[in-house]
Amino acid sequence: MTTEIYLDANATSPTLPAAIAAAEDALRERFGNPSSSHCSGLKARAMLDAVRARARRLLGAGAGRLMFTSGATEGIQTAVLSALCAVRERQLKGEPAGELLLYGATEHKAVPESLAHWNRVLGTGLALDALPVDGAGRHRLDLLRKLAPRAALVCTMAANNETGVISDLAGIEAVLADCAPDALWMVDSVQALGKLRLDLASTRIDYAPFSGHKLYAPKGVGMLYVRKGAPFTTLMVGGGQEAGQRSGTENMSGVAALGAVLEALEDGAAFRSAEELHAFRDQLAGALRDAFPAIVFNMPFAHSLPTTLNFSVPGLAAKELLDLFDAAGVRVSSGSACSAAKAAPSYVLEAMGLPAERASAAIRMSFGPMAGQDFIDSACERIARCGAAVRAHAPRPAADLPAAAPVDAEREIAPSALSAFLDGHPEAILVDVREAYEQAACAAQLWHGRAIESVPLSALPQRAAAWLQGEPRPLVFFCRSGNRSARAMQCLHQLGYHDAWHLAGGLALAN
């Protein structure tokens, strides 16, 4: 119902057109197996080697290993497995191996979950401990100094995915060099590529995983850097691909697409400068302050990626803000795990010491380093619309509806079948059950050539009485995701109005 403004790049990014073209070329013209010795295989091998060489230059990999993976999770698993296999070998020899697996309290869940898994599988028996962060989300170096001498492996991030907070990697490296020279070090670098300068071989970082889909490449391709001399154990064995480091035929279309992104990054023309990105973030922050005067930002601007904003608006729940932005066609994400009924506080923000109420209501807004001025201007216009919608229509308490019942699948309308349904039921009424502030942010008057009746779910019981007393007509309820429209349909059915339907999947699948 409106043009999309995508501001959730930290979750995944749109795919670069040149990357799509490169993937298609790989599928059509370079489909050979790079392990084959004939000409088709040699063409594929040449492309694979060219992308790897470019990645090595951009990452400053030096003499370290660089292998293609399926993404960051596989890279993290490989790094943790490699480190813990080395620990187990030292344990079996009776050599000092460390007793602690130390990870940042704001790490992506893939890190502590991987640590716990391989620690259990390998029987290394190490203790897991979260390294606290300060109120700005940066690692407590004073506590690192106390804990690191006992650590076998230290895991930190280059930049946090929720807040964009940039880690003090130089400070961490100095502490490790001073008091834990034998500890291995993994740095989750997923959010760093294309946003921070990387020269890995000049650091003592042992492992650095990357994921393509965070920077305009498709999902299913990534990279892992391993410092020269760092312990390495392959996670996947078989045909010996990737010089025996990661078996399995390479994802050639994914690698080709990643190569196109890396080429654009190396060229630099399409990627914005740090100054431009900071100006864009400041513009978005200003628009948010104007739209929501009570807003509080949950990250330090001075030490965060210029492509990420994390904020809360007192008095508005995360779900209300998500619904509001989504209605305006602005795609953002919550900083916490939210559902319609309950929001769990973000563990990242809680680790920073934020109150649970604020951590539960957090919203993340993130854009890619190729964003342009027109895109940011359009986003700011939508943000202003959202602010006006909330001022005109404050959120209302949830309606006291009958208990939810199983949805009657025969009364669901698939988005692809809606036009045919309306053609066959010219008397049907389209009913938008989103809240008034969402409807105002969307500002749609017509859909499928039909006028829309706006009946927020919170006001449904009052409107249902009029429907029950009037001439029966088919009612087609819709909302953002299909959850509230299903609830509205159930309510009408339980009240005895059986000619009620709902749009399965909601507007999310209809647009």
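The values are calculated or read from the model by the stated rules, or taken from the named source; none is laboratory data. As the structure is a prediction and not an experimental result, all values here were calculated from the model. Backbone-built Cβ (ideal geometry, glycine too); neighbour counts: all protein chains shown.
Odds and ends about this structure:
- Failed condition for Thr203, given (1) free of Cβ contacts under 8 Å to residues at least 40 places away in the same chain; (2) closer than 30 Å to Ser334 by Cβ; (3) among the polar types (S, T, N, Q): (2)
- Whichever residue in segment 190-221 is among the polar types (S, T, N, Q) and outside any loop (DSSP other than H, G, I, E, B) and, among such residues, is farthest from Arg272 (Cα to Cα): Ser202
- Filter result for Ala269 (assigned to a loop (DSSP other than H, G, I, E, B) and closer than 30 Å to Leu457 by Cβ): no
- Segment 214-235: number of residues that are out of contact with any strand residue (DSSP E or B) (no Cβ under 8 Å at 6 or more places or on another chain) and in contact (Cβ under 8 Å) with a residue 24 or more places away in the chain: 10
- Condition met for Asp377 (modelled with pLDDT under 95, among the charged types (D, E, K, R) and touching a helix residue (DSSP H, G or I) at 6+ places or on another chain (Cβ under 9 Å)): no
This table checks each residue for (1) among the hydroxyl-bearing types (Ser, Thr, Tyr); (2) in contact with a Ser or Thr (Cβ under 7 Å, 6 or more places away or on another chain); (3) in the same structural domain as Ile383 (by TED's automatic domain parsing); (4) within 27 Å of Gly506 (Cβ to Cβ).
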position: Gln283; (1), (2), (3), (4): no, no, yes, no
position: Ala291; (1), (2), (3), (4): no, no, yes, yes
position: Phe301; (1), (2), (3), (4): no, no, yes, no
position: Ser304; (1), (2), (3), (4): yes, yes, yes, no
position: Ala317; (1), (2), (3), (4): no, no, yes, yes
position: Ala327; (1), (2), (3), (4): no, no, yes, yes
position: Glu350; (1), (2), (3), (4): no, no, yes, no
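- Matching option when the condition is buried (at least 16 other Cβ atoms within 10 Å of the Cβ), within 23 Å of the chain's Cα centre (by Cα), closer than 25 Å to Gly239 by Cα and touching a residue at least 40 places away in the same chain (Cβ under 8 Å), among Ala83, Ala72: Ala72
- The helices (runs of 4 or more DSSP H) located wholly in segment 87-189 that include 3 or more residues which are touching a Lys or Arg at 6+ places or on another chain (Cβ under 8 Å) occupy 169-179.
- Criterion: farther than 24 Å from Asp326 by Cβ, part of a loop (DSSP other than H, G, I, E, B) and at pLDDT below 90 - qualifying residue of Pro461, Pro472: Pro472
- Residue match in segment 393-415 (condition: surrounded by 19 or more Cβ atoms within 10 Å (Cβ to Cβ), touching a Cys at 6+ places or on another chain (Cβ under 7 Å) and either of a type in the set (Asp, Glu) or on the phi < 0 side of the Ramachandran plot (or both)): no
- Hey, Met223 over 23 Å from Gly372 (Cα atoms), of a type outside the set (Val, Ile, Thr) and assigned by TED's automatic domain parsing to the domain that holds Val190 or not: yes
- Set side by side, the residues Leu48, Leu58 differ, and just one is surrounded by fewer than 20 Cβ atoms within 10 Å (Cβ to Cβ), over 30 Å from Leu321 (Cβ atoms), of a type outside the set (Asp, Glu) and not assigned by TED's automatic domain parsing to the domain that holds Leu235, which is Leu58.
- Criterion violated by Ala500 - all others in (1) under 16 Å from Glu435 (Cβ atoms); (2) touching a residue at least 60 places away in the same chain (Cβ under 8 Å) satisfied: (1)
- Cβ-Cβ under 6 Å pairs, at least 6 apart or on other chains, segment 437-456 side surrounded by 14 or more Cβ atoms within 10 Å (Cβ to Cβ), far side among the small types (Gly, Ala, Ser) and assigned to a loop (DSSP other than H, G, I, E, B): Ala441/Ala328
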